[in-house]
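Novice: Okay, here's the structure, questions in a sec.
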Amino acid sequence: MQEQTDTINSLEWLFDIFRSIDVGVVIVEKDYSVKTWNSFMVNHSGVSSQDVINKNLFNAFPELPDAWLKRKIDSVFMLNTRSFITWEQHPYVFKFRSYRPITGTAEYMFQNVTLIPLHSTDGAVTHAGLVVYDVTDVAVSQIKLKSANQLLGKLSRTDKLTQLYNRGYWEESLDIEFERSKRSSQISTLVMFDIDHFKNVNDTYGHQAGDEVIRNASRTLLNNLRKTDVAGRYGGEEFAIILTNTEAHTALYFAERLRKKIESQIVAHDGVEIRYTISLGVAELSPEMDNHQQWIEAADSALYESKHAGRNRSEIYSKKTL
Amino acid sequence: MTTPVLICDDSSFARKQMARALPEKWDIKVSLAGGGEECLEMLAQGKGELLFLDLNMPGLDGYGVLQAIRERDLPTMVIVVSGDVQPEAHQRVKALGAMEFIKKPVSIEHVQDVLNQYGLYLESDVIHQRISVEVDIWDGYREVTNVAMGRAADLLARVLGNFVKMPIPHINMIDMVDLQMVVKEVEGNDTISAVCQGFIGSGIAGEALLIFKEQSFDDMASLMKMEGEIGEAKQLELLMDLSNILIGAFLKAISEQLEFDFSMGHPNVLGRHLSMHELMGEAAKKWNSSLAIEMGYVIENKNISCDLLILFTEDSIPALENRVSSMIG
């Protein structure tokens, strides 16, 4: 007797919780007729359970994305596995107002939905359950976080003077490229260059003229990049470019083209015309390199070789130059 | 007369499971082969009038063995025992001359049915000598994984209407540092999309990570009969469909075999609003290493491939070990 009362009680408790829980529960048959519609759904949709039970879900809610949602429900019946819909796919499945109509920022409720296969006693899938979660707060804060992060990320990645990547971010990218190339045995090449006799420019025309030359060099560089190349300002007047999927010989063409372009530039500053040149070093990633630092050293030593051989030229790194 | 029976499987765990599923009162002599080449040698020596053959093995696989049996005209009857439950796999082995197909994990009842059906089993007074098999726990993990992978591949094949090549899974302990390297690579590469989903229950917890190469989207969309240009929204749709199938089916098959119940969190799409880096955050630092299952799925004749990575926390390992060892008694 006691046992029976307990069972009845606990069923009632379950039912109470099911009614007051802040999660939507809908159960549909294969033909999309609604079998269960809990209080969350009643309150948010304004449609009572009498009005929807045994009716076709899509007739009762014509604004539902029907072809899409039908496909999701069908796949639960066919595959007999749970299926998840995230707010990132569709901000909402049911068009409900947000819970904070006055103080909130979102007009509609962002939803995650889980679809669950429900079985009869013989194990066949006869119904599908839709569990609707309100994720408005999470979604709103993630969207805000994303835009804030994008701004921060952009600020901390770019060099102010040149708008190229700054050294920190560029080196991180080089590290990633180093690991990627090693793993996939792809060939990538690093090009480094610096402005010849830059100290003279500064000393003769002043620091502002020097900045102008650096800006000119980076603009010329940016105009000659492919979409996949990653260029950064490595030091004061030193620049570096990662050329992915590129061999040293191809990279040399790039280097020479850039060198000639820069040779033909005229920088006008305070009524004077300044001409300048650059020296370049080219280093293909080789299997002996253990880390991205060694890759930089290789390109740097080729650059040194160019300087040594008279400047305004490009050299490819070979082992003996080290 | 004693019938020589050969069991060929690369997994010691699966060999043991198969040997245990054979009827006791049967006059047979059981031998074991750990790979395709060894299997052919033993067949040539007459050790397998009846052969239970696994399909997915490194080196010479089950398909290769069937082919060689036919070419060399070896006298044996072959019953294929595999976790690859795609109807297409079934048809392929039958076309290669296999007599029957038994799904893994093998059950005593099913094996008996098949043996009866072909009149192979005659109850005898002789109780055959149980063969002892040394079992490695890693083989156990691999076997449970194989079965789960097969179920997932079958669902995927049904949805796509295309044969899915069963991968050989890699199972090992990985360092958190290595995992972070993988993550860094995914992030540095905008041609990769990923979904991450957590699960927990019965003392076992972990995360599933599905990594999908964007170049696969077009072929995937055409198989799913999705029309129009494949923009970001449709890519996300495909990614979620794929993760629902692969992660869902895989975990379900694991939980059924190990008899544990678990809850699944909602999937997180990486790289859209959350970076993996942010997602891993501090939590990843709590663990030194993790038990990782890596599988690369490839769709036959299409430019589609994706990697499924299942990571179990360090403290789940005792529970996992327990459940896997109890499967073979």
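The values are calculated or read from the model by the stated rules, or taken from the named source; none is laboratory data. Remember, predicted model here, so these are calculated numbers, not experimental data. Cβ: placed from backbone, ideal geometry, glycine included. Neighbour counts: every protein chain shown. All accessible areas refer to the heavy atoms of the entire protein, side chains included, with ligands and DNA or RNA removed. Shrake-Rupley method; radii C 1.70, N 1.55, O 1.52, S 1.80 Å.
Novice: If you check each cysteine of chain B for another cysteine whose beta-carbon is under 4.7 Å away, which ones come up empty?
Specialist: Among the cysteines of chain B, those whose Cβ sits 4.7 Å or more from every other are B:Cys196, B:Cys306.
Novice: Pull up the DSSP beta bridges for chain B and report the antiparallel fraction as a percent, rounded to 5.
Specialist: Counting only bridges with both partners in chain B, antiparallel ones make up about 65 percent.
Novice: Taking 7 Å along the Cα-to-C-beta vector as the label spot, tell me the A:Thr126-A:Leu161 distance in nanometres, rounded to one decimal.
Specialist: Rounded to a tenth, the inter-label distance reads 7.7 nm.
Novice: Additional query: Check each of the trypsin sites (Lys or Arg not before Pro) in segment B:1-84 and keep only those in coil by DSSP with at most 14 other C-beta atoms within 10 angstrom; list them in order.
Specialist: B:Lys25
Novice: Among the trypsin sites (Lys or Arg not before Pro) in segment B:204-236, which ones are in a DSSP loop with at most 11 other Cβ atoms within 10 Å of the Cβ? Mind listing them? Before the final figure, lay out each step's value.
Specialist: Values: sites: B:Lys213, B:Lys225, B:Lys234; in loops: B:Lys225.
Of the trypsin sites (Lys or Arg not before Pro), the ones in loops of segment B:204-236 whose Cβ has at most 11 other Cβ atoms within 10 Å are B:Lys225.
Novice: Against the longest principal axis of chain B, how steep is helix B:12-21, in degrees 0 to 90 to the nearest 10, with axes from Cα atoms?
Specialist: For B:12-21 against chain B, the angle is about 50 degrees.
Novice: Once amide H atoms are placed 1.01 Å from N in the peptide plane, what residues at a sequence separation of 5 or more from A:Ser314, or on another chain, have their amide H within under 5 Å of its amide H?
Specialist: Here A:Leu280 satisfy the definition.
Novice: So, one more: Picking from A:Phe77, A:Leu225, A:Ala240, whose Cα lies most toward the positive end of the charge dipole for chain A (charges on Cβ: Lys, Arg +1; Asp, Glu -1)?
Specialist: So the residue furthest toward the plus end is A:Leu225.
Novice: Give me the dipole magnitude in Debye, nearest 20, for segment A:244-293 about the Cα centre, with unit charges on the beta carbon: positive for Lys and Arg, negative for Asp and Glu.
Specialist: Charge dipole, segment A:244-293, about its Cα centre: 300 debye, nearest 20.
Novice: In chain A, with Lys and Arg counted as +1 and Asp and Glu as -1 at Cβ, which of these residues, A:Ser147, A:Ile266, A:Ser181, has the Cα nearest the positive end of the dipole, that is, farthest along it?
Specialist: Checking the options against the dipole of chain A, the answer is A:Ile266.
Novice: Would you mind telling me the antiparallel percentage of the DSSP bridges in the protein assembly as shown, rounded to 5? Walk me through the numbers on the way to the answer.
Specialist: Numbers: 83 of 107 bridges.
About 80 percent, rounded to the nearest 5.
Novice: Nearest 10 degrees is fine. How inclined is helix B:232-258 to the longest principal axis of chain B, computing both from alpha carbons?
Specialist: Roughly 40 degrees, rounded to the nearest 10.
Novice: With unit charges on the beta carbon (Lys/Arg positive, Asp/Glu negative), name the residue among B:Gly248, B:Ile69, B:Ser326 whose Cα is farthest towards the positive pole of the charge dipole of chain B.
Specialist: Farthest towards the positive pole: B:Ile69.
Novice: Let me ask another. Going by the alpha-carbon gyration tensor, a ≥ b ≥ c the square roots of its eigenvalues, is the protein assembly as shown rounded (a/c under 1.5) or, if a/c is not under 1.5, prolate (a/b greater than b/c) versus oblate?
Specialist: Oblate.
Novice: Among the listed pairs B:Lys104/B:Lys302; A:Lys260/A:Lys319; A:Lys30/A:Lys146, which have their C-alpha atoms separated by more than 29 angstrom in this model? Walk me through the numbers before you get to the answer.
Specialist: Details: B:Lys104/B:Lys302 27 Å; A:Lys260/A:Lys319 27 Å; A:Lys30/A:Lys146 39 Å.
Pairs exceeding the cut-off: A:Lys30/A:Lys146.
Novice: Provide a whole-number value for the mean count of partner chain Cβ atoms within 10 Å of the Cβ atoms in peptide B:92-102.
Specialist: 0
Novice: What relative contact order, as a whole-number percentage, does segment A:33-78 give when Cα pairs under 8 Å and 6 or more residues apart are counted?
Specialist: RCO, segment A:33-78: 34 percent.
Novice: Give me the extension gain from A:Asp290 to A:Leu11: residue separation times 0.36 nm, minus the current Cα-Cα distance, reported in nm with one decimal.
Specialist: 93.9 nm
Novice: For peptide B:238-247, what's the mean number of Cβ atoms from other chains within 10 Å of each residue's Cβ? The partial results should precede the final answer.
Specialist: On the way: counts 0, 1, 7, 5, 0, 2, 10, 4, 1, 3.
The mean count of partner-chain Cβ atoms within 10 Å per residue comes to 3.
Novice: Excluding same-chain residues fewer than 8 positions from B:Lys29, which lysines have a Cα within less than 20 Å of its Cα?
Specialist: B:Lys16, B:Lys47
Novice: Taking only C-alpha pairs under 8 Å that are 6+ residues apart, what is the relative contact order of chain B in percent?
Specialist: 19 percent.
Novice: For A:76-86, what's the mean count of beta carbons from other chains sitting within 10 Å of each residue's beta carbon?
Specialist: Mean inter-chain Cβ contacts per residue within 10 Å come to 6.
Novice: Compare B:Leu210, B:Leu122, B:Leu291 in a GNM of chain B, Cα atoms joined below 10 Å, and give the one with the largest fluctuation.
Specialist: Looking only at B:Leu210, B:Leu122, B:Leu291, the biggest GNM fluctuation is shown by B:Leu122.
Novice: If ligands, DNA and RNA are left out, what is the accessible area of A:Lys199 with a 1.4 Å probe, given in Å² to the nearest 10?
Specialist: Counting only protein heavy atoms, the figure is 140 Å².
Novice: Now, a different point. Kindly express, to the nearest 10 degrees and within the range 0 to 90, the angle between helix B:62-72's C-alpha long axis and the longest C-alpha principal axis of chain B.
Specialist: 40
Novice: Given Cβ point charges of +1 (Lys, Arg) and -1 (Asp, Glu) and nothing else, what value in debye, to the nearest 20, does the dipole of the protein assembly as shown about its Cα centre take?
Specialist: Details: 63 positive and 91 negative charges, 301 e Å.
Computed about the Cα centre, the dipole is about 1440 debye.
Novice: How large is the charge dipole for chain B, taken about the Cα centre, if only the Cβ atoms of Lys, Arg (+1) and Asp, Glu (-1) carry charge, to the nearest 20 debye?
Specialist: 540
Novice: Name the most mobile residue of B:Glu123, B:Glu38, B:Glu24, meaning the one with the largest mean-square fluctuation, in a Gaussian network model of chain B with Cα contacts below 10 Å.
Specialist: So, out of B:Glu123, B:Glu38, B:Glu24, the one fluctuating most is B:Glu123.
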